[in-house]
Amino acid sequence: MADETLDCKGLACPMPIVKMAKQAKLMEPGDTLTVQADDPGFEPDVQAWVSAQGHELVSLDEADGVFTAVIEIK
Amino acid sequence: MGNEDGPKQATIIVFSGALDKVMAGFIIATTAAAMGMEVTMFFTFWGLSALKQDGPAAADCERNWMQKMLGMMLPRRAADLPLSQLNMGGMGAGMLKQIMAQKNFSSLPELIETAIDLEVRMIACQMSMDAMGICREELIDAVEVAGAATYVGVAQDAAINLFIS
């Protein structure tokens, strides 16, 4: 199982989602993808993306305007 | 053409040639593709301007005088599209682009590149091209040329169908 981290800080909608989708395609079920983003829309959008893709959102935290999402690829 | 088992489909008709409206279309298109949908964009009338590319190709295109005038007055590439409101002879579009660059938003050419990268299918309307005197060579390579039936064939099975006017 592989862990990947994606830095999407500074990127605006829809680029964090686009980057996550491209990264997720390279990963296997069971892998963990950690994404950091500071786009205010990221918080609801990452949840919508995870649910549409059927992955699992393990955690979603915010600190100093930066969101960190940990996603298990399904 | 049933698609019950494949990915969900989204289609977007881009009728407008305004920068803000075309950008909205590409943002939805790239997002839908990133969410696992198969996306088809159908460009008709003014929307075709968004698919134009720079180059000498336009000179070789056969046009009557009215089509030549139209070609002179319309934008020659995606980066030159005007705003739908407050364009102010291009000043408004320039200011918006500056603000978007400051905020690190993707530009329209970047969104188009992203759409190509995500395998968004882009169809140029054959009839509009004929009417406006736009040749295949004037459009970016990623575009296919087809008619309304091709669009309807996809749209009838799609979960999302949008019209950007």
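All of the numbers you see were taken from the coordinates with simple rules; none came from a lab. The model shown is predicted, which means the values in this text are computed figures rather than measured ones. All Cβ positions, even for glycine, are placed from backbone atoms using ideal geometry, and neighbour counts span all protein chains on display.
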### Summary
Rounded to the nearest 5, the percent of DSSP beta bridges in chain B running antiparallel is 5 percent
#### Entry: Label-reachable residues, region A:21-52, where backbone N falls under 19 Å from a point 7 Å from B:Ile160's Cα toward its Cβ
A:21-25, A:40-52
## Note on the structure
Eigenvalues of the alpha-carbon gyration tensor of the protein assembly as shown, times 5 and square-rooted, give semi-axes in Å, largest first, of 36, 22, 13
### Task
State the antiparallel share, in %, of DSSP beta bridges confined to region A:3-72, rounding to the nearest 5.
70 percent
### Query
Which angle from 0 to 90°, rounded to the nearest 10, does the C-alpha axis of helix A:42-53 make with the longest principal axis of chain A?
20 degrees
### Equivalent ellipsoid semi-axes - Cα gyration tensor, chain B, angstrom
26, 21, 13
### Query
Given a Förster radius of 30 Å and the C-beta distance between B:Ile116 and A:Asp64 as r, what FRET efficiency does 1/(1 + (r/R0)^6) yield to the nearest 0.05?
0.25
### 10 Å Cβ neighbours from other chains, averaged over peptide B:117-124
1
### Shielding of A:14-20 by partner chains, average beta-carbon count, 10 Å
6
### Task
Restricting to the protein assembly as shown, compute how many DSSP beta bridges are antiparallel as a %, nearest 5.
35 percent
### Query
Working from the pairwise distances between different alpha carbons, so that the mean of 1/r is found and then inverted, what is region B:98-165's Kirkwood radius in Å?
14.2 Å
### Ranked B:Trp65, B:Trp46, criterion: other C-beta atoms within 10 Å, fewest first
B:Trp65, B:Trp46
### Message
Explain nothing, just the number: dipole magnitude of the protein assembly as shown about its Cα centre with +1 on each Lys and Arg Cβ and -1 on each Asp and Glu Cβ, in debye rounded to the nearest 20.
### Response
1100 debye
### Query
How would you classify region B:29-126 from its alpha-carbon gyration tensor, with a ≥ b ≥ c the square roots of the eigenvalues: rounded for a/c under 1.5, else prolate if a/b is greater than b/c, otherwise oblate?
oblate
### Task
Could you check which residue among A:Val50, A:Val35, A:Val18 shows the biggest mean-square fluctuation in a GNM of chain A with a 10 Å Cα cutoff?
A:Val18
### Of B:Gln102, B:Gln85, B:Gln67, the one that fluctuates the most in a GNM where chain B has Cα springs shorter than 10 Å
B:Gln102
### Query
How many angstrom separate the Cα center of region B:123-165 from the Cα center of chain A?
33 Å
### Query
Using the scaling law 2.2 N^0.38 Å as the reference, what is the normalised Cα Rg of chain A?
0.97
### Message
Using a 10 Å cut-off around each Cβ of peptide B:94-100, what is the average number of partner chain Cβ atoms that fall inside?
### Response
0
